[in-house]
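Structure first, commentary second.
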Amino acid sequence: MNKTGKTLIGIVIAIAVVFGIRVALTLSANGDDRKMISQALGEAIKASREGRPGGVVELLSDSLKVNNIDVGPNQRQITQFIREQKPDVVVQDPSPQITGDEARIVSPVELDLGLLGKRNLSEVTLIFRKEDSTAFLVFPTRKWRLTEVRAPENAVTELMSG
């Protein structure tokens, strides 16, 4: 086989692989939303516990709000906090209630913030929304991302004051 034939076969194989990846991504994106949210939350909690901020930041929306305060731009601080404190988060009832492109988890949450101590929050609402994203830096897809956290004001104030 000549060089041109080998190049053509290589191009065809590359196109087939790219097409296969795209089909697989499309099929997996249409998977069970409940399972995808639970899995993403579980992976983020594990990454947080291990001090790996990348797994957490990937779950967070750029427009993340906590009690209507925009914290999206503070991802550098979030990253630093996770690396240093390795917080452990336990969501007591991680079952999401899904309505279209929005999912909510309402649950008591236990926080172990390392040197900052432990906190129990009686009711926290985690709101996820499907956002545009890319897979493998090229293929458009939609991912569940945490867009809002709602917690009792007194608990947030206590948490911030240490």
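The values are calculated or read from the model by the stated rules, or taken from the named source; none is laboratory data. Given the structure is predicted, the values throughout are model-derived calculations rather than measurements. Glycine gets a Cβ as well: all are built from the backbone with ideal geometry, and neighbour counts include every protein chain shown. Ligands, DNA and RNA are excluded from the accessible area calculation, which covers all protein heavy atoms including side chains. Shrake-Rupley method; radii C 1.70, N 1.55, O 1.52, S 1.80 Å.
Kindly indicate which of VAL149, VAL71 is touching a strand residue (DSSP E or B) at 6+ places or on another chain (Cβ under 7 Å) and either surrounded by fewer than 14 Cβ atoms within 10 Å (Cβ to Cβ) or without any contact (Cβ under 8 Å) to a residue 60 or more places away in the chain (or both).
Values: VAL149 fails: either surrounded by fewer than 14 Cβ atoms within 10 Å (Cβ to Cβ) or without any contact (Cβ under 8 Å) to a residue 60 or more places away in the chain (or both).
Only one candidate qualifies: VAL71.
Mind counting the residues in region 98-130 that are open to solvent by 30 Å² or more (accessible area, probe 1.4 Å) and within 25 Å of LYS35 (Cβ to Cβ)?
Filtering region 98-130 for residues open to solvent by 30 Å² or more (accessible area, probe 1.4 Å) gives 98-102, 104, 106, 108, 110, 112, 114-116, 118-120, 122-123, 129-130.
Pick out the ones that are also within 25 Å of LYS35 (Cβ to Cβ) and you get 98-102, 104, 106, 108, 110, 123, 129-130.
The total comes to 12.
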- Just for region 141-162: of the residues that are closer than 14 Å to GLU110 by Cα and at pLDDT 75 or above, which one is farthest from the chain's Cα centre (by Cα)? PRO152
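State all residues of region 74-122 that are among the β-branched types (Val, Ile, Thr), assigned to a strand (DSSP E or B) and in contact (Cβ under 8 Å) with a residue 12 or more places away in the chain; if no residue qualifies, say none. Spell out how you get there, then give the answer.
Step one: filter region 74-122 for residues among the β-branched types (Val, Ile, Thr), giving 78-79, 82, 89-91, 98-99, 105-106, 109.
Narrowing the set further to residues that are assigned to a strand (DSSP E or B) leaves 89-91, 98-99, 105-106, 109.
VAL89, VAL90, VAL91, ILE98, ILE105, VAL106, VAL109 - these are the residues of region 74-122 that are among the β-branched types (Val, Ile, Thr), assigned to a strand (DSSP E or B) and in contact (Cβ under 8 Å) with a residue 12 or more places away in the chain.
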- Filter region 46-63 for residues that are within 18 Å of LEU113 (Cβ to Cβ) and among the hydrophobic types (A, V, I, L, M, F, W, C) and give the result. ALA47, VAL56, VAL57, LEU60
- Scan region 131-144 and give yes if some residue there is in a helix (DSSP H, G or I), exposed (fewer than 14 other Cβ atoms within 10 Å of the Cβ) and among the aliphatic types (A, V, I, L, M), otherwise no. no
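Identify, please: which residue in region 47-66 is in contact with a strand residue (DSSP E or B) (Cβ under 7 Å, 6 or more places away or on another chain) and within 13 Å of THR147 (Cβ to Cβ) and is, among those, surrounded by the most Cβ atoms within 10 Å (Cβ to Cβ)? Outline the logic, then answer.
As a first pass, look at region 47-66 and keep what is in contact with a strand residue (DSSP E or B) (Cβ under 7 Å, 6 or more places away or on another chain): 48-49, 59-61, 63-66.
Right, trim to within 13 Å of THR147 (Cβ to Cβ) and you get 59-61, 63-66.
Working: LEU59: 20, LEU60: 18, SER61: 17, SER63: 14, LEU64: 22, LYS65: 16, VAL66: 14.
That would be LEU64.
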